Amino acid sequence: MQPTTAAVPRTPFRVTAGARPHLLAVPSEPTAAKVARDFIRTALRGTPLAPLLDNAVLLTSEAVTTSHLRAPASADVLLRLLTADHGLRVSVHDEAPGRIPAQTAPGRASDQEPDHGLLLFRHLADDWGTAPAAGPRRSPALWFELRTAVQRDS
């Protein structure tokens, strides 16, 4: 699902009792995506959310790579993972100025090069988008949600 400015009916990610936050700050270096993938694997392996592991690792890697490519070399990339019984939400923040590149439809001209990696979010995430800057010097966060089959069917 591509983010839009129009109201889209969707099941909100509920923060329930027992939801667990996980945080990772990693330097914006070429190894950042691997560190983030390992972090996600460690957090999800052996939990009821393990069926979401492959998509979570792939999308996290893409989000962190996007941040690494945008952020100054001296910056950190901040990854936030929120797990709940019904799914997870990952958001990735960096210190790059400006906005996250928009995905353009195939065959349409764009004033900037599209970020083809965002196609993965459209096809694999249950929901995704960008969020306003959080705190001083933070650019918008790229976030995605994955839900268990039980939550998707509700």
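When the criteria are applied in full, Ser74 fails the requirement of being at pLDDT 85 or above, polar (S, T, N, Q) and either in contact with a helix residue (DSSP H, G or I) (Cβ under 6 Å, 6 or more places away or on another chain) or farther than 18 Å from Ala149 by Cα (or both).
Summed over the range 59-74, residues that are surrounded by fewer than 20 Cβ atoms within 10 Å (Cβ to Cβ) and of a type in the set (Gly, Ala, Ser) total 3. Scan the range 1-39 for residues that are basic (Lys, Arg), modelled with pLDDT of 50 or more and part of a loop (DSSP other than H, G, I, E, B) and the total you get is 1. Of everything in the range 40-53 that is at pLDDT 95 or above and either more than 17 Å from His86 (Cα to Cα) or hydroxyl-bearing (Ser, Thr, Tyr) (or both), the residue that is surrounded by the most Cβ atoms within 10 Å (Cβ to Cβ) is Arg41. Applying a threshold of 6 Å to beta carbon distances and a minimum spacing of six or more residues, or different chains, the list of pairs starting in the range 18-33 at a residue that is closer than 19 Å to Leu88 by Cβ and ending at one that is among the hydroxyl-bearing types (Ser, Thr, Tyr) reads Arg20/Thr83; Ala33/Ser61; Ala33/Thr65. In the set Ala56, Ala84, only one residue is modelled with pLDDT of 95 or more, crowded, with 19+ Cβ neighbours inside 10 Å and more than 18 Å from Pro140 (Cβ to Cβ); that residue is Ala56.
Quick grid of which residues meet (1) aliphatic (A, V, I, L, M); (2) touching a His at 6+ places or on another chain (Cβ under 7 Å); (3) free of Cβ contacts under 8 Å to residues at least 24 places away in the same chain:
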{"site": "Arg37", "(1), (2), (3)": "no, no, no"}
{"site": "Ala43", "(1), (2), (3)": "yes, yes, no"}
{"site": "Leu49", "(1), (2), (3)": "yes, no, no"}
{"site": "Ala56", "(1), (2), (3)": "yes, no, no"}
{"site": "Leu59", "(1), (2), (3)": "yes, no, no"}
{"site": "Thr65", "(1), (2), (3)": "no, no, no"}
{"site": "Ala75", "(1), (2), (3)": "yes, no, no"}
{"site": "His86", "(1), (2), (3)": "no, no, no"}
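The values are calculated or read from the model by the stated rules, or taken from the named source; none is laboratory data. Just so we're clear, the structure is a prediction, and the values are computed from it rather than from any experiment. Because the Cβ atoms are built from the backbone with ideal geometry, glycine has one as well, and the counts that use them run over all protein chains shown.
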